[in-house]
Amino acid sequence: MLKPFNLFYFLLSLILISCSPSLQTPSDIIDMKADSVLGLMTLEEKVGQLTLFTSDMDQTGAFIRKEYEQDIRDGRVGAIFNAYGADYTRYLQELAISHSRLKIPLLFGYDVIHGHRTIFPVPIAEASSWDLEAIERSARIAAIEATAEGLHWTFAPMADISIDPRWGRVVEGAGEDPWLASQITAARVRGFQGDDLTAVNTMAATIKHFAAYGDSQAGRDYHSVDMSERRLRETFLPPYKAAIDAGVKTVMTSFNDLNGIPATANHFLMTQILRDEWGFDGFVVTDYTAIMELLHHGVAADTAEAAKIALQAGVDMDMQSGFYQKALPDLVKKGLVSEQMINKAVKRILKIKFELGLFDDPFRYSNPQREKNEVMREEFIEAARDMARKSIVLLKNDGQLLPLSKEVKRIALIGPLADGRRELIGSWSAAGDWTKAVTLYEGLKAQLPHTKILVEKGCDINSSDRSSFAQAIKSALQADVIILALGESYWMSGEAASRSDIKLPGVQEELAKAIHSTGKPVITVIMSGRPLTLNWLANNTNALIQAWFLGTSSGNAITDVLTGNYNPSGKLPMTFPKSVGQIPIHYNMKNTGRPFDPDNKYTSKYLDISNEPLYAFGYGLSYTTFEYNDLKLSQNKMGANDTIQAYITITNTGAYAGEEVVQLYIHDPVASVTRAVKELKDFRKITLIPGESSTIYFDISRDKLSFYDADMRWGAEKGDFIVMIGGSSDNTLSASFELSESIWDQK
Ligand code: BGC
């Protein structure tokens with residue numbers, strides 16, 4: 001039986017379609033439908049569609065504030081976030097459908113960042129896999145689970161380039177490189193949205209935080225960003241653009257101001273770049289209370305002015321300020337804002353509701369049966385484990401201490417993360433249940449049933465209490481090998497979680513020193529949401545693993561690597577500095593007029609530390625070794641429209657089958673503007689068995705050589721180019737070729 005709301009919109013569709021036989025595409029039809037709904041709306045109802053409010057949670061569970069409930073009934077709110085669960089979302093939807101005049105369905109959004117119930121590795125960890133298929137699958141599974149719990153819309157992926165590890169939100173992104181981050185961001189968008197947004201298990205994605213949030217001064221969250229348009233376009237915009245090209249449906253504004261204009265009031269970003277240049281036709285939502293924050297930024301004097309400048313900048317939906325709701329109707333009535341502008345914003349939102357199929361059946365995502373069957377399925381947990389082991393980066397492995405030898409009979413597993421569970425699912429863990437995460441101790445016990453494992457906490461993550469050191473040392477002395485599990489708490493990264501120092505918190509390094517003084521071989525596993533300064537460990541521990549926060553399957557995945565059931569292949573998507581004073585440090589820096597020279601004081605360097613990072617972008621070891629040989633170019637002269645090939649032979653020279661991420665970098669040594677010393681332009685992940693060689697090639701065409709010139713024209717400039725290929729940004733072979741003519745795109 002069709003319910004009345006269905007019948008209404010169903011009949012409307014029939015009339016529209018029969019009146020317009022010439023309409024061709026589904027998007028034309030959606031356009032018409034949205035227009036026809038718009039035509040029925042009052043100004044207040046329109047502004048309601050531009051309003052997003054949160055649901056809340058207390059000891060008794062989820063609830064909606066009384067005033068928001070009334071807003072839903074009155075059609076004064078169009079979307080709710082932080083509400084999930086088939087029954088709860090059905091309850092809220094029912095309020096809109098049964099009580100509001102036009103029965104326009106609500107849109108339910110949530111931060112489904114790295115899994116919904118089955119928690120996958122934090123995004124910076126997934127980025128370390130350089131495995132686009134696996135990353136897409138991770139987002140796909142998150143969408144299957146989230147949509148089974150009534151959600152239509154995720155506030156992910158975050159595409160902010162992260163060059164400052166003090167900033168807590170590096171955990172949510174894909175690292176420092178614009179090209180890698182673009183590929184990963186697009187993969188995540190594809191994963192969430194699938195091929196068909198009307199499918200009941202796909203959801204609208206959001207690209208955030210537009211724009212350049214990752215360059216907040218001094219790594220302090222919410223801080224100002226000031227940069228040249230060249231740097232913005234070359235380094236920070238590409239991942240957002242990649243998401244737009246992948247069809248992302250919504251964009252979230254960032255909290256920061258950019259060159260003096262808060263993003264949420266920034267016409268250049270929200271209209272000129274997003275709409276006019278990139279042709280984005282979804283909707284723009286603010287970040288949490290960002291319109292209200294225009295008052296604090298000091299660019300608006302009151303609610304009305306803040307609402308007006310946000311709308312005029314191109315912001316469609318107000319998250320949580322309630323400023324649009326309060327101010328826009330009046331602004332229109334006074335002639336200070338055109339209703340036309342509001343119509344445009346409303347239509348963008350309605351179109352996405354149509355695309356999601358919500359007008360056909362507003363309850364289609366709130367299905368208790370799906371919620372029961374499609375959440376934390378065995379295969380999802382397995383996929384999360386696979387993603388997790390792919391995300392692990394082996395930083396050091398002296399004397400091939402890893403994988404663990406079969407001779408090892410006693411392991412001392414020491415540290416606050418040895419059997420720590422709470423931290424494992426990391427920040428932004430959606431509806432994830434940390435009590436379901438597998439600890440490292442549990443993982444080891446499961447895979448090494450005949451090995452004696454002595455587990456000791458040694459100290460807390462962040463305290464000055466050393467009273468358990470003695471017991472930890474005692475256990476260490478009884479073991480053949482020690483595994484130290486150290487790191488950060490889950491809340492030390494993520495939003496509002498910047499750190500001025502990025503060493504191991506508390507007395508963990510002291511614990512590490514005490515354990516190392518036993519003289520036993522030590523493997524150190526680091527769980528963190530950001531690169532840490534790990535100098536002492538890098539110099540002293542025998543093996544070092546960067547395990548980030550790996551989610552529900554953490555302990556199993558880390559054990560897979562420790563035992564050699566899985567040969568690690570992760571590569572760092574972000575530089576690890578030696579000292580916080582080197583920040584910002586990233587591989588794609590400029591040469592400067594006085595490039596580093598250890599023997600010349602007057603070069604670009606520090607007095608007290610070298611320029612070198614601790615671990616470079618793209619770095620990561622395997623249990624086997626790979627040798628790179630014979631870098632050859634198909635031509636050493638290239639015309640502007642040619643594509644040439646760079647060939648490289650990689651041989652597995654070790655004893656294990658393994659995967660290697662082969663990375664292509666390019667440098668333009670002489671150009672009309674200064675260029676980075678190298679830029680990642682492509683990569684390939686290959687698998688080789690011991691002794692096997694493979695020759696692969698990368699295509700090089702002018703898109704890989706292009707940059708913005710002094711007049712901000714995009715193009716490639718003739719001259720020599722250096723091609724570098726290797727397994728890390730600091731270890732490459734090189735060859736060069738000449739581009740014979742310059743070619744610039746029209747502005
Ligand atoms: C964060 C966003 C998030 C939003 C909604 C904000 O505080 O900056 O990334 O999507 O809250 O939860």
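The values are calculated or read from the model by the stated rules, or taken from the named source; none is laboratory data. The structure presented is a predicted model; accordingly, all values stated were derived computationally and were not measured. Please note: Cβ atoms are built from the backbone with ideal geometry, for glycine as well, and neighbour counts cover all protein chains shown.
Within region 693-747, the set of residues being within 17 Å of Asn636 (Cβ to Cβ), aliphatic (A, V, I, L, M) and more than 32 Å from the chain's Cα centre (by Cα) comprises Ala735, Leu739.
Entry remark, region 57-81: residues being modelled with pLDDT under 95 and either within 16 Å of the ligand (Cβ to nearest atom) or assigned to a helix (DSSP H, G or I) (or both) number 2 in total.
Name every residue in region 153-173 that is out of contact with any Ser or Thr (no Cβ under 6 Å at 6 or more places or on another chain) and either within 15 Å of the ligand (Cβ to nearest atom) or in a helix (DSSP H, G or I) (or both), in order of residue number. Answer for region 153-173, where residues must be out of contact with any Ser or Thr (no Cβ under 6 Å at 6 or more places or on another chain) and either within 15 Å of the ligand (Cβ to nearest atom) or in a helix (DSSP H, G or I) (or both): Trp153, Thr154, Ala156, Met158, Asp160, Ser162, Arg169, Glu172. For Gly48, indicate whether it is away from the ligand (no atom under 16 Å from the Cβ), in a loop (DSSP other than H, G, I, E, B), over 22 Å from Pro368 (Cα atoms) and small (Gly, Ala, Ser). Here the answer is no, as Gly48 does not meet what is asked. Looking across Thr271, Thr250, one residue alone is within 16 Å of the ligand (Cβ to nearest atom), assigned by TED's automatic domain parsing to the domain that holds Phe108 and more than 25 Å from Lys681 (Cβ to Cβ). It is Thr250. Cβ-Cβ contacts under 6 Å between residues 6 or more apart (or on different chains), taken from a first residue in region 76-93 that is under 23 Å from Ile113 (Cα atoms) and among the β-branched types (Val, Ile, Thr) to a second residue that is more than 16 Å from the ligand (Cβ to nearest atom) and part of a loop (DSSP other than H, G, I, E, B), are listed as Ile80/Leu106; Thr89/Gly150; Thr89/Ser366. Inclusion of Asn567 among residues that are in contact (Cβ under 8 Å) with a residue 60 or more places away in the chain, touching a Phe, Trp or Tyr at 6+ places or on another chain (Cβ under 6 Å) and under 30 Å from Ile425 (Cβ atoms) is warranted. Inside region 174-204, residues that are closer than 30 Å to Lys578 by Cβ and in a loop (DSSP other than H, G, I, E, B) make up a count of 4. At least 1 residues being at pLDDT below 95, surrounded by fewer than 18 Cβ atoms within 10 Å (Cβ to Cβ) and at positive phi is the threshold, and among the strands (runs of 3 or more DSSP E) wholly inside region 359-456 not one reaches it.
Per-residue answers, yes or no, for (1) within 16 Å of the ligand (Cβ to nearest atom); (2) more than 34 Å from the chain's Cα centre (by Cα):
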position: Pro26; (1), (2): no, no
position: Ile29; (1), (2): no, no
position: Phe53; (1), (2): yes, no
position: Ala83; (1), (2): yes, no
position: His99; (1), (2): no, yes
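The sole residue among Leu424, Leu444 that is more than 30 Å from Leu132 (Cβ to Cβ) and either hydrophobic (A, V, I, L, M, F, W, C) or within 16 Å of the ligand (Cβ to nearest atom) (or both) is Leu444. How many residues are within 14 Å of the ligand (Cβ to nearest atom) and of a type in the set (Val, Ile, Thr) if we restrict to region 104-121? Result for region 104-121: 2.
Where helices (runs of 4 or more DSSP H) sit wholly within region 289-352, those with at least 1 residues that are in contact with a Phe, Trp or Tyr (Cβ under 7 Å, 6 or more places away or on another chain) and not acidic (Asp, Glu) occupy 303-313. The condition of being modelled with pLDDT under 95 and of a type in the set (A, V, I, L, M) holds for only one of Ala646, Ala640, Ala616, Ala655, that being Ala640.
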